[in-house]
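Notes for the one structure printed next.
The values are calculated or read from the model by the stated rules, or taken from the named source; none is laboratory data. Please read all numbers here as calculations on a predicted model, not as lab measurements. Every residue, glycine as well, gets a Cβ built from its backbone with ideal geometry; the counts of neighbours run over all protein chains shown. SASA here: full protein model, heavy atoms, side chains in, ligands and nucleic acids out. Shrake-Rupley method; radii C 1.70, N 1.55, O 1.52, S 1.80 Å.
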Amino acid sequence: TNGSAPAVPSDQYDSLYLSPVTVGSSTLHLDFDTGSSDLWVFSSLQAQSSLVGHDYYMVDPAKEKQGYTWKISYGDGSGASGKVYADKVVVGGVTATAQAVEAATAVSAQFTQDVDTDGLLGLAMSTLNTVKPQQQKTFFDTVLKQLAQPLFAVDLKYHAAGSYDFGFIDKSKYTGAINYVNADTSKGWWGVSATAYSIGNASTSATVSGILDTGTTLLYVDTPIVKAYYAKVKGSKMDNTQGGYVFPCSATLPDFSLTIGGVKQIVPGKHINYSPTSAGNCFGGIQTNDGIGFSILGDIFLKSKYVIHEMGSTPRIGFAQQ
Ligand SMILES: O[C@H]1CN[C@@H](c2nc(-c3ccc(C(F)(F)F)cc3)no2)C1
């Protein structure tokens, strides 16, 4: 079976995208994350006070994987931990009958406060799964053999609902050719590399290696590239209080592109105005990766494309223009 689930922006800035998932007998709204590999949910194991505003998984003790635990932390210091159950998970009509469901016993304040997010569904390689004593499969790995094609396609949109397709490529969601490159999955992520970047009409040769990450809001690249970009934005500055580059909301933002597989993957300038700040200017969608040594191609990069993640004998990534 194949299937498709909507990806709905959680707020007016596309901070994250939420998709409906049936877990056991509950329907939750999860953040599909191609940068991690745990399917974890808010659950009835938590204190009632932590569940206010959230949908949550009613655990069935008979389905517990006795002695299994999980604990995960994310780039921003948020995180969660808990116990593991084997239960039915349905995404867009695609059913995993005994999927490892990681039920939270504790979640960080950032998650408790984000009342729209009821958990995450990881879509990176299962080698990054945090369950002990035995690593568990992602939803995608669990359903892989029942899919017509071993792939899922990501169609995140700018200030609009998009979708995640499982097992098929939807021709109505893109124009032009799909440009495929091999994926570097050796570190557990969907890794790609670019041979150049461009700011407006000016192109610069550079090696930009990065991971595709639907769970990260912005586009994080090496500092010299960030500086070169905002040098083209009048009135922009690095604002440490706001935690990144900001600019006047009226500024005209140049397009940015990364050349992947010989094809320029363009991020429209409009997408790079992420949100207004509390200080009356606007926060950039391109920010520095703080020298972590690789780029994070998050939603700002992804939301103008249809991106196919194919787990064939050689993992590939296909880019097409929305
Ligand atoms: O680890 C990397 C894998 N992908 C990135 C990711 N980060 C989150 C996240 C979602 C929601 C929240 C909160 F609700 F604000 F707490 C925090 C982090 N989801 O994927 C980082």
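Numbers for the structure displayed
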{"item": "Accessible-area composition of the chain, carbon plus sulfur, in percent [1.4 Å probe]", "result": "52"}
{"item": "Cleavage-rule hits, chymotrypsin sites (Phe, Trp or Tyr not before Pro), segment 144-177, DSSP coil, Cβ neighbours within 10 Å at most 16", "result": "TYR158, PHE168"}
{"item": "Where Rh is the Kirkwood radius over Cα pairs, Rg/Rh for segment 1-92", "result": "0.95"}
{"item": "Long pairs among LYS65/LYS88; LYS137/LYS187; LYS232/LYS303; LYS145/LYS305; LYS63/LYS88; LYS83/LYS187, criterion Cα-Cα beyond 20 Å", "result": "LYS232/LYS303; LYS145/LYS305; LYS83/LYS187"}
{"item": "Dipole of the chain, positive end: most advanced residue of ALA106, VAL263, GLY92 [Cβ charges, Cα centre]", "result": "VAL263"}
{"item": "Simple Cβ-charge dipole of segment 1-148, Lys/Arg +1 and Asp/Glu -1, about Cα centre, in debye nearest 20", "result": "660"}
{"item": "Segment 157-164 - phi-based ³J(HN,Hα) in whole Hz, Karplus 6.51/-1.76/1.60, Gly and Pro as x", "result": "10, 7, 6, 7, 6, x, 6, 10"}
{"item": "Rounded accessible area per residue of the chain, 1.4 Å, Å²", "result": "41"}
